[in-house]
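A.B. asks: Have a look at this one.
The values are calculated or read from the model by the stated rules, or taken from the named source; none is laboratory data. All of these numbers come straight from a predicted model, not from anything done at the bench. Glycine also receives a Cβ, built like all others from the backbone with ideal geometry; neighbour counts cover every protein chain displayed.
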């Protein structure tokens, strides 16, 4: 009998509860967190933030976690090992429980992509805080952007001025600014908010520029990782031990190959300044001249990424 | 959603009412009337609705898993 969403949700939440009892800092993020925050999304997989230092403990816990009697396994050959070194470098480890009719997918991050503050500092129950979730939703997928704005409004309603940083919808920004002034410290973090003056026609163009820039930054980030993972993926694919039924063996095989072939931190290796400049250059191809004049300084949006 | 700190002075009842209106209008525009309704349901009902929606989709063969690329958007 297929596993229901409610059972799946309970399974993930109990995993987080057990992890925390063992001292593992972790939190559910992305789609499931959005449902909890009042922006419903149909999702079935679970994205989990985990403090990189606790990667070993979490692996131990996963090794014991059964779903309909099935243990999990590493998903595919591209999956980096669940190890502090690679988690700190921005990699995601993927796991699956695939009992017949009861599949569960778990993606584990050590670093929240685009995070500008430590996610561990603002948990809400089983979930990462809405500020972190909103930053993680600034992806190259068009469907994610309304969720960002919706979370931004939620933050303002909760009295958190950082909500201003997440309003990407023109109408919402204008309507919000009609009753509320944007604090100077938010404008400093996000210059486009300085265009909220009445009659300012550049705001809409600048918002499109911002979204296109984030879109390109995410696309390039993924491309850098995809390029870096290739030799490792080929080695894991060739190694029969990678498919051993024991999770511990699957892990050791991946660590063995990763130590030789998988760069710990491909983004730092590529250069963050270079990545940002490339994203700006790419974005410039798709937006009006001047649209990128109000971009934020995103060098602070790589928090947690190892040096 | 709980506020991290005490309610700031700028968050007057009038501002909050205004934000709620802006939010509701946006949810209708961005997600459609049905999902906007769901988004303003109490958490337990919202989760139940999402559960039914996902379970129905799964029964119809929809796959929700993302590719495992070692990096996630």
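A.B. asks: From the list A:212, A:120, exactly one residue is over 27 Å from residue A:289 (Cα atoms), more than 12 Å from chain B (Cβ to nearest Cβ), modelled with pLDDT of 95 or more and assigned to a helix (DSSP H, G or I). Which is it?
C.D. replies: A:120
A.B. asks: Further question: Please indicate, with yes or no, whether at least one residue in region B:34-42 is more than 8 Å from chain A (Cβ to nearest Cβ), touching a helix residue (DSSP H, G or I) at 6+ places or on another chain (Cβ under 7 Å) and not in a helix (DSSP H, G or I).
C.D. replies: yes
A.B. asks: Check A:110, A:31, A:23 and return the single one that is more than 8 Å from chain B (Cβ to nearest Cβ), modelled with pLDDT of 95 or more and under 26 Å from residue A:222 (Cα atoms).
C.D. replies: A:110
A.B. asks: Among what's in region B:50-73 and is within 7 Å of chain A (Cβ to nearest Cβ) and farther than 30 Å from residue A:254 by Cβ, pick the residue that is surrounded by the most Cβ atoms within 10 Å (Cβ to Cβ).
C.D. replies: B:50
A.B. asks: A further question on this structure: Take residue A:247 and decide whether it is out of contact with any strand residue (DSSP E or B) (no Cβ under 9 Å at 6 or more places or on another chain) and over 17 Å from residue A:283 (Cα atoms).
C.D. replies: So residue A:247 fails the test.
A.B. asks: Mind checking whether some residue in region A:206-216 is touching a residue at least 24 places away in the same chain (Cβ under 8 Å), more than 21 Å from residue A:279 (Cβ to Cβ) and touching a helix residue (DSSP H, G or I) at 6+ places or on another chain (Cβ under 8 Å)?
C.D. replies: Looking through region A:206-216, none of the residues is touching a residue at least 24 places away in the same chain (Cβ under 8 Å), more than 21 Å from residue A:279 (Cβ to Cβ) and touching a helix residue (DSSP H, G or I) at 6+ places or on another chain (Cβ under 8 Å).
A.B. asks: Please go through region B:1-31 and give me each residue that is within 21 Å of residue A:35 (Cα to Cα), modelled with pLDDT of 95 or more and surrounded by fewer than 13 Cβ atoms within 10 Å (Cβ to Cβ), ordered by number.
C.D. replies: Scanning region B:1-31 gives a single hit, B:21.
A.B. asks: For region A:146-162, state whether one or more residues are assigned to a helix (DSSP H, G or I), farther than 29 Å from residue A:283 by Cα and under 15 Å from the mean Cα position of the chain (by Cα).
C.D. replies: no
A.B. asks: Additional query: Looking at A:150, A:228, A:128 in this structure, which one is buried (at least 23 other Cβ atoms within 10 Å of the Cβ), touching a residue at least 40 places away in the same chain (Cβ under 8 Å) and touching a strand residue (DSSP E or B) at 6+ places or on another chain (Cβ under 6 Å)?
C.D. replies: Result of the check over A:150, A:228, A:128: A:128.
A.B. asks: Could you name every one of the strands (runs of 3 or more DSSP E) located completely within region A:1-105 that has at least 1 residues being without any contact (Cβ under 8 Å) to a residue 24 or more places away in the chain and surrounded by fewer than 18 Cβ atoms within 10 Å (Cβ to Cβ)?
C.D. replies: none
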